[in-house]
Amino acid sequence: MLANWVVSKKSILISLIFTLLLILTFSASCTRKSQEPSIVIYTTTSIYDSGLLDFLLNDFHSVKYKIVPVGTGEALKNAQIGNADLIITHAPELEKRLVLKGVIEKRVEIARNYYLLVGPSNDPAGVSSASSPLDAFKLIYQKNQPFVSRGDNSGTHLKEISVWKMLGINPKKNRNYVESGLGMAETLRLANEKNAYTLTDVATFSTVKRLNLKSFFFKDKLFENIYSVSIVSERIIGKERYEASKTIFDYLTSKKAAKKIREFSEKMTKKGEPPIFISTFSGGN
């Protein structure tokens, strides 16, 4: 009896030690995983709302990441204060300034599309007769037609403001000019509700459903919309986050990603309409 009890006691002790080792091993593994940097990608809403970013990253599992869809201005601001590790934006001049300042370490243009003017199907401003984007904006202003602006310092908003400036027009003098302060999809819905004109991009307009807005396409250099992916400086985000971010950056600027952009555009572009996205990057691996 005593011998059996001693054997049983030893078995229980061995089991307890084995269980403790398992717990410690699992805990160490969880700690290592929790210490792995989770990369934060700030992206312009058009890349996100169109579904392109999800399509590009659906088979990417090398590092953990979190996506934050915002206007370009917000993305650039968060890059400067170190909240963003990678940014996907469409304001080339502002991006280049941050490269010169050392905020952005690497920047590569990966895609482009076109801005569109969209508005009421009966086109009360006569935009369809305009010879250029500048002429179209002038007609909207001269006829005091409702216009919904993003008003959020996004790439689209900055483009709109640049057009008004080229015309020497203060759009706020139009009593029907409204700033939404919203993303592109929500701004389109507001323009639809108000029977108003707005500036958008091909991709978002093509993917937002149930709109009664007509598009006016001008294949004009002024309305080219260039998207870039940029990695924030190691000085700002630290070596560990930078190395993890570089893995995603290298993937998004690879030949594989360029091919996926072309596949996505071919799949999503509607017949007779300009391409949702045009891949502009042919380098990489």
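The values are calculated or read from the model by the stated rules, or taken from the named source; none is laboratory data. Just so it is clear, the structure is predicted and the values come from calculations on it, not from any experiment. Counting neighbours? That spans all protein chains shown, and the Cβs are built from the backbone with ideal geometry, glycine included.
Within the set of pairs 6 or more residues apart or between chains, which connect a residue that is surrounded by fewer than 16 Cβ atoms within 10 Å (Cβ to Cβ) inside segment 250-266 to a residue that is not in a helix (DSSP H, G or I) with Cβ atoms less than 7 Å apart?
As it stands, the answer is LYS255/GLY284; LYS255/ASN285; ARG262/SER279, since those pairs meet every condition given.
Considering only residues of segment 15-44 that are among the polar types (S, T, N, Q) and modelled with pLDDT of 90 or more, which is farthest from ILE237 (Cα to Cα)?
THR44
Can you tell me which residue is surrounded by the most Cβ atoms within 10 Å (Cβ to Cβ) among those in segment 159-179 that are in contact with a Lys or Arg (Cβ under 8 Å, 6 or more places away or on another chain) and among the aliphatic types (A, V, I, L, M)?
Among them, the one singled out is VAL178.
Residue-by-condition table, conditions (1) within 20 Å of LEU116 (Cβ to Cβ); (2) modelled with pLDDT of 95 or more:
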| residue | (1), (2) |
| --- | --- |
| ILE231 | no, yes |
| ARG235 | no, yes |
| SER245 | no, yes |
| TYR251 | no, yes |
| LYS267 | yes, no |
| GLU273 | yes, no |
| ILE278 | yes, no |
| ASN285 | no, no |
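Return the total of residues in segment 81-136 being touching a Leu at 6+ places or on another chain (Cβ under 6 Å) and over 23 Å from SER162 (Cα atoms).
Summing the residues that are touching a Leu at 6+ places or on another chain (Cβ under 6 Å) and over 23 Å from SER162 (Cα atoms) in segment 81-136 gives 1.
Looking at this structure, is SER230 outside the structural domain of GLY126 (by TED's automatic domain parsing), assigned to a strand (DSSP E or B) and buried (at least 18 other Cβ atoms within 10 Å of the Cβ)?
It is true that SER230 is outside the structural domain of GLY126 (by TED's automatic domain parsing), assigned to a strand (DSSP E or B) and buried (at least 18 other Cβ atoms within 10 Å of the Cβ).
Quick check on segment 82-107: of everything there that is touching a helix residue (DSSP H, G or I) at 6+ places or on another chain (Cβ under 8 Å) and under 22 Å from GLY181 (Cα atoms), which residue is surrounded by the most Cβ atoms within 10 Å (Cβ to Cβ)?
Per the criteria, the residue is THR89.
Just the residues that are modelled with pLDDT of 95 or more and within 21 Å of the chain's Cα centre (by Cα), please, taken from segment 202-221.
None; the set is empty.
Considering each of LEU116, LEU76 in turn, give the residue that is aliphatic (A, V, I, L, M), more than 17 Å from the chain's Cα centre (by Cα) and under 20 Å from GLY183 (Cα atoms).
Matching residue, one of LEU116, LEU76: LEU116.
Can you say whether THR200 is in a helix (DSSP H, G or I), β-branched (Val, Ile, Thr) and under 29 Å from PHE60 (Cβ atoms), as far as the supplied structure shows?
It is false that THR200 is in a helix (DSSP H, G or I), β-branched (Val, Ile, Thr) and under 29 Å from PHE60 (Cβ atoms).
Of the residues that sit in segment 180-189 and are buried (at least 17 other Cβ atoms within 10 Å of the Cβ) and not in a loop (DSSP other than H, G, I, E, B), which one is farthest from the chain's Cα centre (by Cα)?
For segment 180-189, the residue satisfying everything is ARG189.
Specify the residue that is surrounded by the fewest Cβ atoms within 10 Å (Cβ to Cβ); the eligible residues are those in segment 118-158 that are in contact (Cβ under 8 Å) with a residue 12 or more places away in the chain, within 22 Å of GLU273 (Cβ to Cβ) and out of contact with any helix residue (DSSP H, G or I) (no Cβ under 8 Å at 6 or more places or on another chain).
SER121
Tell me, which helices (runs of 4 or more DSSP H) lie completely within segment 88-179 with 3 or more residues that are over 24 Å from ALA196 (Cα atoms)?
By residue number, 92-101.
Starting from segment 84-98, take each residue that is under 18 Å from ILE237 (Cα atoms) and assigned by TED's automatic domain parsing to the domain that holds GLU109 and list its partners that are at pLDDT 95 or above and of a type in the set (D, E, K, R), counting only C-beta distances under 8 angstrom and pairs at least six apart or across chains.
If the second residue must be at pLDDT 95 or above and of a type in the set (D, E, K, R), the pairs left are ASP85/ARG241; GLU95/ARG107.
Looking at segment 51-70, can you tell me whether even one residue there is assigned to a loop (DSSP other than H, G, I, E, B), in contact (Cβ under 8 Å) with a residue 60 or more places away in the chain, under 14 Å from the mean Cα position of the chain (by Cα) and crowded, with 19+ Cβ neighbours inside 10 Å?
Taking every residue of segment 51-70 in turn, none turns out to be assigned to a loop (DSSP other than H, G, I, E, B), in contact (Cβ under 8 Å) with a residue 60 or more places away in the chain, under 14 Å from the mean Cα position of the chain (by Cα) and crowded, with 19+ Cβ neighbours inside 10 Å.
Among the residues of segment 243-262, is any more than 18 Å from SER149 (Cα to Cα), in the same structural domain as LYS66 (by TED's automatic domain parsing) and assigned to a loop (DSSP other than H, G, I, E, B)?
Yes - at least one qualifying residue is present in segment 243-262.
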